[in-house]
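Taking it in order: structure first as structure tokens, then the write-up.
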Amino acid sequence: MSRIDFGAHPIMFPQPVLIVGTYDENGVPNAMNAAWGITTDFKEITISMSEHKTTKNFAVTGAFTVSMGTEDQVTACDYVGMVSADNTPDKFARAGFHATKSAFVNAPLIDELPMALECRVKSFENGILIGEIVNVSADESVVTDGKIDPKKLKPITFDPCNNAYIGLGEKVGNAFSDGAALK
């Protein structure tokens, strides 16, 4: 195998496209696109982000939602990552998004994105947001046999090498099962 060096860059695959939803102090919904996030505990998500309108919002409300970007909403998901609500206060509506208030936290569920983590802010220091996952909700349209179905959800990932969004591929194995063949 011959390797090519690319230097120090944030290249990992896959990088989920996370749409962070918040309300401002007047109850106006906002959304931003964040690709640098991961679940870091069973009920915890960590997202790397700089100061944004979103960070000002969750400083006031103490809550946010994280929706999975989807193939059906690529344009809207990309748009909310390109435009700041500080400069475009109606960016949520311009994206074609509609909000339903979470029953668990003071943050919006984005109707057009069928899966969301509903979170309370645990901390935000040095650009690292840590949230407690209070609930995960999914529209029944993406649920099969009581489980979220990735084929129906159609989540997208960010390709940092090519500045592209990619849909998920086919199932290639069984977690906590296939490795048993090597025991």
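Please sort by residue number the chymotrypsin sites (Phe, Trp or Tyr not before Pro) in the stretch 147-183 whose DSSP state is loop and whose Cβ has at most 12 other Cβ atoms within 10 Å. Qualifying residues, ordered by number: PHE176. Judged by the mean number of other Cβ atoms found within 10 Å, the most tightly packed of the peptides 60-67, 82-89, 9-16 leads the ranking 60-67, 82-89, 9-16.
For ALA63, nonlocal amide neighbours, meaning residues 5 or more places apart or on other chains whose placed amide H falls under 5 Å from its own, are VAL121. Taking a straight Cα-Cα cut-off under 16 Å and skipping sequence neighbours fewer than 8 places away in the same chain, the aspartates and glutamates within cross-link reach of LYS152 are GLU71, ASP72, ASP111, GLU112, ASP139, GLU140, GLU170. A simple count of charges around VAL143, restricted to other residues whose Cβ falls under 12 Å of its Cβ and scoring Lys, Arg +1 and Asp, Glu -1, yields -1.
For LYS171, the aspartates and glutamates whose Cα falls under 16 Å of its own Cα, not counting residues fewer than eight places away in the same chain, are ASP149. Taking 17 Å as the straight-line reach from the Cα of LYS53, the aspartates and glutamates in range (excluding those fewer than 8 positions away in the same chain) are ASP24, GLU25, ASP78, ASP86, ASP90, GLU125. Estimated at 0.36 nm per residue, the fully extended path between VAL136 and SER123 surpasses their Cα-Cα distance by 2.7 nm. Across the options VAL60, THR39, PRO16, the greatest Cα extent toward the positive end of the charge dipole of the stretch 15-182 (unit charges at beta carbon of Lys, Arg, Asp, Glu) belongs to VAL60. Work out the FRET efficiency for ALA103 and SER2 from their Cβ-Cβ distance, taking R0 = 41 Å, and round it to the nearest 0.05. About 0.15, to the nearest 0.05. Charging the Cβ of each Asp and Glu at -1 and of each Lys and Arg at +1, and nothing else, the dipole of the chain about its Cα centre rounds to 240 debye.
No lab work stands behind these numbers, since they all come straight from the coordinates. These figures come from a predicted structure and were not determined experimentally. With ideal geometry, Cβ positions are generated from the backbone for all residues, glycine too; neighbour counts draw on all protein chains shown.
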